[in-house]
Amino acid sequence: MFRKLMGLFSNDLSIDLGTANTLIYVRGKGMVLNEPSVVSIRNNHRGSGMRSIVAVGENAKMMLGKENKDIETVRPMKDGVIADFEVTEKMLQSFIRKVHEAKFFQPSPRVLVCVPCGSTQVERRAIRESAAGAGAREVYLIEEPMAAAIGAGMPVSEPTGSMVVDIGGGTTEVATLSLNGIVWSDSVKVGGDRFDDAIIKYVRRNYGMVIGESTAERIKKTIGTAYHEVNPQTMEVHGSNMAESVPRRFTLNSNEVLEALQEPLQAIISSVRTALENTPPELGADIAEHGIVLTGGGALLRNIHTLISEETGIPVIIADDPLTCVARGGGRALELMDEKGLDVFSFD
């Protein structure tokens, strides 16, 4: 009863609980939060042996790789699912409080969380319990490809085939959709984090230099490409020389980054091909006509639509604001749920 009363002072939320970033869409307000899924923890707080939260989100990410011996910075999400339940709950609690303006009441909103289509029932229960522990009075789950397609404005309710490829931080979700349901889906553990790891390994192997996650991510965003460039872009990178153990700088170009990303890119291409092979012929014809839609932060990698189009022979379109598609789609799903009932989509 108390939670229902507090719900009067809370707005419905759609949460894209991602490996790299957490995005929150508030019904009636739009996108209100986009922060890294990172938490800084102080171990053995005041000699008690307990852990305490130092920073969450953007402030915590700034500490990544720069902590002292008492502070540990962690990513509580791995491959799209919860790796550290307690820390994820605290992170969600912090984000939910941040997006609610009421200061005198504990927020108790209805929450819809987007989950990978390949997540197990145990992983889904952990996400549900984490959201409930963070203060949600009701928790619904929707699969990420469906939310991404709704957010991208695809005609998911019509009797026509649509294909969405959602490239996130920890996973890539590929799905064929029709009549408000998923016809075929696949989830591969390849995403932005694997891109970063591939760049780190390439630099170590070819330059004998060690760089951190933040530097690898900056390289990916600045000069990263998924397709060979005639006039490659270059970037000066600072790292630590393995032989001399001293800081050094070197120059990297976009075609070298492409070489580094070959393995994760091919895994994504393979997943898209498998999806096309498992799509019924009539829906496949619709997809060939209307194209494949890319969403997620990975869709921002330069020329990735060109690569997928060339490998599949099908037009590829990058959705408007691909990073927020999943959260926006979840928000729209909440609205449709109220308008037409729970059975519009396959909620858990």
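The values are calculated or read from the model by the stated rules, or taken from the named source; none is laboratory data. Every value quoted in this text rests on a predicted model; they were computed, and no experiment measured them. Neighbour counts are summed over all protein chains in view; Cβ atoms, including those assigned to glycine, are modelled from backbone coordinates with ideal geometry. The accessibility values were calculated without ligands, DNA or RNA, using every heavy atom of the protein model including side chains. Shrake-Rupley method; radii C 1.70, N 1.55, O 1.52, S 1.80 Å.
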Beyond a 30 Å Cα-Cα separation, which of these cross-linked pairs lie in this structure: LYS29/LYS189; LYS29/LYS61; LYS90/LYS340? LYS29/LYS189; LYS90/LYS340
For the chain, with a Gaussian network of springs between Cα atoms less than 10 Å apart, report the residue from PRO232, PRO264, PRO116 with the top mean-square fluctuation. PRO232
I need the phi-derived Karplus couplings for region 221-238: 6.51 cos²θ - 1.76 cosθ + 1.60, θ = phi - 60°, integer Hz, Gly and Pro marked x. 6, 7, 10, x, 8, 9, 9, 4, 10, 5, 10, x, 7, 10, 8, 8, 10, 9
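Give the range of the longest stretch in the chain that excludes all chymotrypsin sites (Phe, Trp or Tyr not before Pro) found in loop regions by DSSP and having at most 16 other beta-carbon atoms within 10 Å. Before the final figure, lay out each step's value.
Values: sites that count: PHE9, PHE104, PHE105, PHE347.
Within the chain, the longest run free of exposed chymotrypsin sites (Phe, Trp or Tyr not before Pro) spans 106-346.
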Highest GNM mean-square fluctuation, the chain, Cα pairs closer than 10 Å: which of LEU336, LEU276, LEU92? LEU336
At 1.4 Å probe size, what's the solvent-accessible area of ARG194? Round to the nearest 10 Å². 90
Among the GluC sites (Glu not before Pro) in region 184-262, which ones are in a DSSP loop with at most 10 other Cβ atoms within 10 Å of the Cβ? Mind listing them? GLU244
To the nearest 20 Debye, how big is the dipole of the chain about its Cα centre, given +1 on the beta carbon of each Lys and Arg and -1 on that of each Asp and Glu? 1620
Work through the residues other than GLY151 whose Cβ is under 11 Å from its Cβ and net out their charges, Lys, Arg +1 and Asp, Glu -1. -3
The long-range amide H neighbours of LEU112, using H built 1.01 Å from N in the peptide plane and a cut-off of under 5 Å, are LEU13, SER14, ILE15, TYR140
Cross-link reach list, aspartates and glutamates versus LYS221, counting only Cα pairs under 13 Å and skipping chain neighbours closer than eight places: ASP193, ASP196, GLU213
For the chain, with a Gaussian network of springs between Cα atoms less than 10 Å apart, report the residue from LYS98, LYS220, LYS90 with the top mean-square fluctuation. LYS98
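Using only the heavy atoms of the protein chains and a 1.4 Å probe, how would SER245, SER119 rank by accessible area, largest first? Can you show the working numbers first?
Working: SER245 90, SER119 15 Å².
The ranking, largest first, comes out as SER245, SER119.
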Averaged over all directions, how much area does the convex hull of the C-alpha atoms of the chain cover when projected, in nm²? 19.6
Would you rank HIS100, HIS305, HIS228 by solvent-accessible area, highest first, keeping every protein chain in place and using a 1.4 Å probe? HIS228, HIS305, HIS100
Signed unit charges on C-beta, dipole axis of region 192-260, positive-most listed residue ILE200, VAL257, ALA226: ILE200
Please turn the phi angles of region 186-203 into ³J(HN,Hα) values with the Karplus equation 6.51 cos²θ - 1.76 cosθ + 1.60 (θ = phi - 60°), one per residue in order, whole Hz, x for glycine and proline. 8, 10, 10, 7, 9, x, x, 5, 5, 4, 4, 4, 5, 5, 4, 5, 5, 5
Let me cross-check HIS238: its accessible surface, 1.4 Å probe, with only protein heavy atoms counted, in Å² to the nearest 10? 110
Accessible-area ranking of LYS69, LYS29, LYS61, largest first, probe 1.4 Å: LYS69, LYS29, LYS61
